[in-house]
Each structure stands twice: as C-alpha cells, then as structure tokens.
C-alpha cells in the first residue's frame, strides 16, 4: 500500500515537472530568458556632430555628448502567457546633480513579454495616452496596474534569440502593428562564434550583424501606423534621415541566447553632405552586461554565484524536502 | 491540528514553493501550496496557506532579488516599496491567491478524507 503511494507521488512530481522539461527542451528559447531578474547592463553612448562651411569657415553645428547609465531588469509573471519586465535605472552622479532626479528610478514590470516568443506587448493605458483617450498622466498612473495588455502592437525583443541558431541564420528585429498588418522588420544575420570576456568569465557568443540604411522607410511606417505626419514638408530632414546608416553587432550567449554585449553605430553618409560643407555626424551606443542576475550564463546560475553551490543541488534538496514531508505525513496517517 | 501546524504549513509552502519557483513559477506555486496544505492539516488552514502563499511564491524570484538588492544596499526603501507594491497590486495577484486557496482546500480535503477512511473501522 505504501509502495503504491510512493509510486503515485513520484508520478505526480514527474508530471509537475513536465512543463519545465518541455519548455527547456523544446526547440526555441531557454526558459530563464523570460525572467531576467537582476540582469544588469551598462549603457554608454556618444553623439558627435560637426559641420562647417568650407569657404567661410562658419560652424553650423558642433555638438558632442556622452550619455552613460546602468539599468537592471526586474521581472514577474503577469498572466499564464506573459512575463512583465521592468527595470531599475541607475543614473550617473553628474546627471543626478544637474537634473535633481533620484539616483535610481524604478520602472515597474509593465512590459509584457510573451513566453515562448520574442514579442513584447505594451499596456493598453499607453495606447490610451498616445491616442488621446486619456489626457491626464495621473489618471494613466491610476489605471496602469490594472491595465490590459494591448496585443495589436508588438516589438521583437532584442535581448534574446533562439538558443539553436547557427551561422548564416536570420534573426528578426523590429516592430509590427497587427491591427493594420504593417510594421518594420529588419533581418540580422548570425555571422560567427566569438569568445568575449564578461565579469571575469570567458563566454562563447554568436555575433549577429544588422545593417539598416534607409530610415525613411521606418518613418513612413510609423506615420502610417499612428496616423501622424513626420517631416512631411521638411525634405531636407527627410534626406538626412534617409542617408543615415546604422550598423549593429549584437553578441548572444550560445547556451541560452541572451544578449551579452552590443555595439551600435550610426553615421551620416558623406554623399548627403552638401559640397560646400565639411564635417561628420555619428553616434554610437555600447551595451555591456555587468551582472548575469538570474540568468544561467556561461553554465553558472544565480545560486552558484550567490552561495557557491550548483543550481541543481538546491533543486534536488528541495525535491528531497518535499518527498520527506509527504512521506512523513503519509506514515503519520497510517500510524 | 493547531495554529502551529498552520504556521508550519506557511513556512513549508514558502520554502518548498519559492525554490521551485526560481525554475518555474507555476509549478512552484502548485507544489508549494500542496505541501503547505498537507502540513497545515485542516481545510481552513490549507485554504489560508494557499491564499497567503500563492502570490508570494509566484513573485518569489522578483521578491528574492528585490530583498537581496535592498539588503546589499543597491536599492533604497523607496525603490523596494515601489517595486513590491506595484508587483502585488495586480488583478492576477487576487487570481493567484484564490487559485492557491482552492488548491489548499482541495489537498487538505483529500488528506482529511484519507485519514477518515483509515480511521473508520472495517465491517
């Protein structure tokens, strides 16, 4: 009789673990990429614009800007299909002093990441604000926590890719407006396997390269999607935007497909600069992973990094505790 | 079955459920609440254990990280409060709590029925 109960209990536990096994073993995404609690990045960006007239020497533009900040992901389940992502923004001292902003700004987990895909949806209240149904920010804040997920628009999550990619595979980036069946999707390409050093660990990564050369297409799509006109009569601005080339190199961990590093550069093509003007316009953004958080990158999980024991050991001891409790209760019942 | 067994149920539910929830939250909630309800013993205690622990287990990966960040000095009390309150202030928190309560009552009910069946003398 007791043996039958043990078998029943074991089968029950095995059934309970089936979803974990199916999620982690299914081709596609590692299950932990949807819950990146504590994963921290540093972001540094440089913008450099300089234009002067060749003949008169008049300087049209001379802007140079460095923006640096850190952010840490927080996440929690919203419903059975979506995980909410938020973040803690950490501003540098100079920015805090200049703007009187607090050193750390918490953005609650409101972005809805669909499990098993790379789609990020936004709360309905954001659309209500954009489309003018709610005009008061206070009212929007009141509604934000009980707001439904709007599934008519999504962006493709750049922070993870499928874990079973290979060299030459295409990875999609961009956004899509389902309601009007329009959007902008650009294909990145897995170029090579690269070893990079992060937080003292050498990690094997996939390098994904993205090239975008016609940003006017993006403008047209955004205008069509939201019924707004962007730079309609400003042909000069449209010409400049059309001549910007963006190159991005994104590095994803080969085991779970998580973004470990990103270099994004944008520059204005020299052909777009008038003959009597000399100069340049370029910008670059670099993202570096500082803390892996809950992610199992480089084969080491959060439990190992916090207390030095393998993640599996904690899971097995938990299962042993559960088994002991259940067996004790069953034996007590028999006594 | 006493208040002590209810407390023991709360503790075991949180301990066993939260560790599993680090891997998969839904499994952590179901298994944690079931074990807690078994320990709690009565339907009332089982339901209360499920009601109180289910949302905490569901959000445990966030709560553990936020508490860790607070105690290591990475975030201050305001950030801790904002994140925790906004995480719990959600319609699904109530749904998880009610689901946990139903699981707790059900498991405790099955457990009681089994005990009663054993205690009933065979004719």
For this session: Find the Cα radius of gyration of chain B, compare it with 2.2 N^0.38 Å by division, and give the number to two decimals.
Result: 1.21
Seminar exercise, completed: Pseudo-spin-label distance residue A:56 to residue B:110, built 7 Å along Cα→Cβ, given in nm, is 8.4
Exercise. Using alpha carbon coordinates only, what is the Rg to Rh ratio of region B:48-102, with Rh defined as the Kirkwood radius?
Worked result: 1.05
Exercise. What's the angle, to the nearest 10 degrees (0 to 90), between helix A:215-226's Cα axis and the longest principal axis of chain A?
Worked result: 70
For this session: For region A:201-287, state what percent of all Cα-Cα pairs lands in each successive 5 Å bin, counting from 0 Å until the bin that includes the largest distance.
Result: 3, 13, 17, 16, 15, 14, 10, 7, 4, 2, 0
Exercise. Among A:208-216, A:326-334, what's the highest-first ranking by average C-beta atoms within 10 angstrom per residue?
Worked result: A:208-216, A:326-334
Exercise. Which residue fluctuates the most in chain A, going by a Gaussian network model with Cα springs under 10 Å, if the choices are A:107, A:137, A:96?
Worked result: A:137
For this session: Could you work out, residue by residue across B:73-85, how many beta carbons of other chains sit within 10 Å of that residue's beta carbon, and then give the average as an integer?
Result: 4
Exercise. Roughly what angle does helix A:2-25 make with the longest principal axis of chain A, taking Cα atoms, 0 to 90 degrees, to the nearest 10?
Worked result: 10
Problem set entry | Computed [θ] at 222 nm, deg cm²/dmol, the protein assembly as shown (DSSP H ≥ 4; -39,500 (n - 2.57); rounded to nearest 500) | -14000 deg cm²/dmol
Seminar exercise, completed: The alpha-carbon center of region A:120-178 and that of region A:87-105 are separated, in whole Å, by 25
Exercise. When Cβ neighbours within 10 Å are restricted to other protein chains, what is their mean count per residue of peptide A:38-47?
Worked result: 1
For this session: Using only Cα atoms, find the angle between the long axis of helix B:77-88 and the longest principal axis of chain B, and express it within 0 to 90 degrees, rounded to the nearest 10.
Result: 40
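Given a Förster distance of 22 angstrom, what is the FRET efficiency for residue B:68 paired with residue A:324, based on the Cβ-Cβ distance and rounded to 0.05? Spell out each step's value before the answer.
Values: r = 27 Å, r/R0 = 1.25.
For R0 = 22 Å, the calculated efficiency reads 0.20.
Which value, to two decimals, describes the C-alpha radius of gyration of the protein assembly as shown once divided by 2.2 N^0.38 Å?
Working: Rg = 26.7 Å, N = 458, 2.2 N^0.38 = 22.6 Å.
Dividing the Cα radius of gyration by 2.2 N^0.38 Å gives 1.18.
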Exercise. Given Cα pairs under 8 Å that are at least 6 residues apart, what percent is the relative contact order of region A:2-300?
Worked result: 20
For this session: Would you mind calculating the gained length between residue A:189 and residue A:306 on full extension (0.36 nm times residue separation, minus the Cα-Cα distance), in nm to one decimal?
Result: 38.6 nm
Seminar exercise, completed: From the Cα centre of region A:285-331 to that of region B:62-98, the distance in Å is 20
For this session: Please give the average number of partner chain Cβ atoms lying within 10 Å of the Cβ of each residue in A:80-90, rounded to a whole number.
Result: 2
Exercise. Under the definition of Cα pairs under 8 Å and six or more residues apart, what whole-number percent is the relative contact order of region B:3-119?
Worked result: 31
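Computed from the coordinates by the stated procedures, all read-outs in this text should not be read as laboratory data. Treat the numbers as computed from the prediction; the structure is a model and nothing was measured. Don't worry about glycine lacking a Cβ; one is built from the backbone with ideal geometry, like all the others, and counts go over all protein chains shown.
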